[in-house]
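Notes to accompany the following structure.
The values are calculated or read from the model by the stated rules, or taken from the named source; none is laboratory data. Bear in mind that the values here come from a model prediction, so they are computed numbers and not experimental data. Positions of Cβ are generated from backbone atoms using ideal geometry, with glycine treated the same way; all protein chains shown enter the neighbour counts.
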Amino acid sequence: MSKSYLAKGPATIIDTDAQAVDPTKKGERAAPVPKMLVGMDKYWSKDIATQEDEKIFAKTWLCAGRESDVQDVGDWFKFDIGYESIIVVKSTDGVIRAFYNVCQHRGAQLVVDDAGNASKFVCGFHSWTWMNTGELHRIADEETFASEMICDRPGLQPVALDMWSGFIFISLDPNPPPLHSYLTPLPEQLSAYRMEDMVLISDVCVEWNVNWKTALDAFMEGYHIHRRHPEGLGWIEDYHLQHDFFDNGHSRMILPVPVKSKRLKDQHALNDELRAMLSEVGLSPESYEGKAGLIRPALQQRKREWAKEVGLDFSGYSDSQLTDDWNYFVFPNMTFNAHAEGVLVMRFFPNESDPEKCYYHVSVLAHRVDDPNYRMPRYMGAPDIDLSGEVPRPPRIKLKHGEASLSQVLDQDAEFVPRVQKGMKSRGFKGQRLSHQEMRMQAFYEEYDRYMRGK
């Protein structure tokens, strides 16, 4: 369970089921004390980027992909993190394993494609071959090697792997903590969403011209909504949020939906987004004209019956989970925007050679339904696809910054964050002055600093 920050600032309890009363309980952490963040060179220094590779990305659990990406025996995909490359494969014995993507002969990478199916991995340089279980299968012209050079029969080097809720995590640490222990209390809190049953309906990776932390920072707080996403003020309460802080640097904020922002003078009139939310579940917008404040509880009541009608199971959700955006952060680089119908998953990866670039990976998960006419809620910005029956995995789309639209909200963030990256390098900038609305950033950098100091 969580410890909610209520002592000062714009915070409130959105979901009483998520409120904890004992701050000493395992999995809880007190809110950080606001302070100025200094040391801006962490956003562009190559030396610091190298340290991050060794002290953070080589020491934590990282989400590499989905179990559904290795559904059949022999299915594999490549996961890159910095200069490292990992093969995740379902071996012939049905076990999902991870190996360093490197030949044990001369160090060449074994695979270059994003994914495939193979019973063996053959090096394209000198034909050394490994089974997909990692055992050495063949050394070309083996008789030309001294026996002491190859007597160990070098297999592919394994990488720690574990799974949770349909996600595959890997760790480059030879002795990582158990994954579920590392994630506590997130598995319990997110269990109602049944992400293991969801299907992937969108998969996009964009190279952004900012440091990975600059990109991540923008998604760690709701303070910027009023300026960058003003169209959302008509259905997102961006000021009164619930902020929770957990062990290992994880955190959460709950954004009330559909609730008009306190920044708006008119709290009663309906807008197009509110009308769409009502219509999507079979409620009449006309019945709520001038009654915007009644929509959230009405949707929470209606959604349980509506879900049964279209073939969804909402029985495990709290009222808040039926409507609100439960926004989780998994240290060091992953976020969830969890909704009853589906989840927006974001991951932020460093560029392997330029610390002022990163890879922004955004995907959408959705529940299958019985009704072929069902579509995801409009406000989620999900693809318009039929979710009944089999849902084929979409291809991964790779883009450069600004090449194509992701969605209105994501485009607004993508357009602005390079200005932050550039501005922080100014001699006139002394550090980031964080508010109580930005305490998740503060908590992230406290954990970040702990790792960078070697814990």
Open item on the list: Tally up the residues in the range 311-368 that are at pLDDT 95 or above, basic (Lys, Arg) and in a loop (DSSP other than H, G, I, E, B), please.
Closed with: 1
Open item on the list: So for the range 430-452 (the condition being on the phi > 0 side of the Ramachandran plot and touching a residue at least 12 places away in the same chain (Cβ under 8 Å)), does at least one residue qualify?
Closed with: yes
Open item on the list: Considering only the range 295-305, I want to know if a residue exists there that is among the acidic types (Asp, Glu), part of a helix (DSSP H, G or I) and surrounded by 13 or more Cβ atoms within 10 Å (Cβ to Cβ).
Closed with: no
Open item on the list: It is to be established whether one or more residues within the range 342-352 are polar (S, T, N, Q) and in contact with a Ser or Thr (Cβ under 9 Å, 6 or more places away or on another chain).
Closed with: no
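With the structure loaded, tell me whether Phe429 is within 30 Å of His240 (Cα to Cα), aromatic (Phe, Trp, Tyr) and assigned to a loop (DSSP other than H, G, I, E, B) or whether it fails that test. Give the steps one after another, and end with the answer.
Numbers: within 30 Å of His240 (Cα to Cα): yes; aromatic (Phe, Trp, Tyr): yes; assigned to a loop (DSSP other than H, G, I, E, B): yes.
For Phe429, the condition - within 30 Å of His240 (Cα to Cα), aromatic (Phe, Trp, Tyr) and assigned to a loop (DSSP other than H, G, I, E, B) - is met.
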TODO: Could you figure out which of (1) over 30 Å from Leu186 (Cβ atoms); (2) in contact (Cβ under 8 Å) with a residue 60 or more places away in the chain isn't true of Glu280?
DONE: (1)
Task: Residues that are in contact with a helix residue (DSSP H, G or I) (Cβ under 8 Å, 6 or more places away or on another chain) and in contact (Cβ under 8 Å) with a residue 24 or more places away in the chain, drawn from the range 256-269 - done: Pro256, Val257, Pro258, Val259, Lys260, Ser261, Arg263, Leu264, Gln267, His268
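Just for the range 169-227: of the residues that are among the β-branched types (Val, Ile, Thr) and within 25 Å of Ile385 (Cα to Cα), which one is nearest to the chain's Cα centre (by Cα)? Steps first, answer last, please.
Of the residues in the range 169-227, the ones among the β-branched types (Val, Ile, Thr) are 170, 184, 199, 201, 204, 206, 210, 214, 225.
The next check asks that each one be within 25 Å of Ile385 (Cα to Cα); those that pass are 199, 201, 204, 206.
Details: Val199: 15, Ile201: 15, Val204: 12, Val206: 14 Å.
The extreme case among them is Val204.
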- [ ] Evaluate the range 150-157: report whether one residue or more is in contact with a Leu (Cβ under 9 Å, 6 or more places away or on another chain), within 25 Å of Thr335 (Cα to Cα) and without any contact (Cβ under 8 Å) to a residue 40 or more places away in the chain.
- [x] no
Open item on the list: Checking the condition surrounded by 17 or more Cβ atoms within 10 Å (Cβ to Cβ) and of a type in the set (S, T, N, Q), which residue from Ser363, Ser388 passes?
Closed with: Ser363
Task: Extreme residue, surrounded by the most Cβ atoms within 10 Å (Cβ to Cβ), among residues of the range 391-409 that are of a type in the set (A, V, I, L, M) and in contact with a strand residue (DSSP E or B) (Cβ under 7 Å, 6 or more places away or on another chain) - done: Leu406
Task: Those residues of the range 271-294 which are in a helix (DSSP H, G or I) and aliphatic (A, V, I, L, M), in sequence order - done: Leu274, Ala276, Met277, Leu278, Ala292, Leu294
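For Pro383, are the conditions met, namely being loosely packed, with under 14 Cβ neighbours inside 10 Å and either touching a strand residue (DSSP E or B) at 6+ places or on another chain (Cβ under 7 Å) or part of a strand (DSSP E or B) (or both)?
Working: loosely packed, with under 14 Cβ neighbours inside 10 Å: yes; either touching a strand residue (DSSP E or B) at 6+ places or on another chain (Cβ under 7 Å) or part of a strand (DSSP E or B) (or both): yes.
So Pro383 fits the description; yes.
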- [ ] Kindly check whether there is at least one residue in the range 33-50 that is exposed (fewer than 15 other Cβ atoms within 10 Å of the Cβ), at pLDDT below 95, under 24 Å from the mean Cα position of the chain (by Cα) and within 30 Å of Asp324 (Cα to Cα).
- [x] no
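Given the structure, is Gly134 in the same structural domain as Val73 (by TED's automatic domain parsing) and outside any helix (DSSP H, G or I)?
Values: in the same structural domain as Val73 (by TED's automatic domain parsing): yes; outside any helix (DSSP H, G or I): yes.
Against the criterion (in the same structural domain as Val73 (by TED's automatic domain parsing) and outside any helix (DSSP H, G or I)), Gly134 qualifies.
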TODO: Kindly establish whether Phe219 is in contact with a strand residue (DSSP E or B) (Cβ under 7 Å, 6 or more places away or on another chain), at pLDDT 95 or above, within 22 Å of Pro350 (Cβ to Cβ) and assigned by TED's automatic domain parsing to the domain that holds Asp69.
DONE: no
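What number of residues within the range 78-127 are part of a strand (DSSP E or B) and either without any contact (Cβ under 8 Å) to a residue 40 or more places away in the chain or of a type outside the set (Gly, Ala, Ser) (or both)?
Pass one, the range 78-127, residues part of a strand (DSSP E or B): 78-81, 84-90, 96-100, 115-117, 120-122.
Add one more test, that the residue is either without any contact (Cβ under 8 Å) to a residue 40 or more places away in the chain or of a type outside the set (Gly, Ala, Ser) (or both), and what stays is 78-81, 84-90, 96-97, 99-100, 117, 120-122.
The number of residues fulfilling the criteria is 19.
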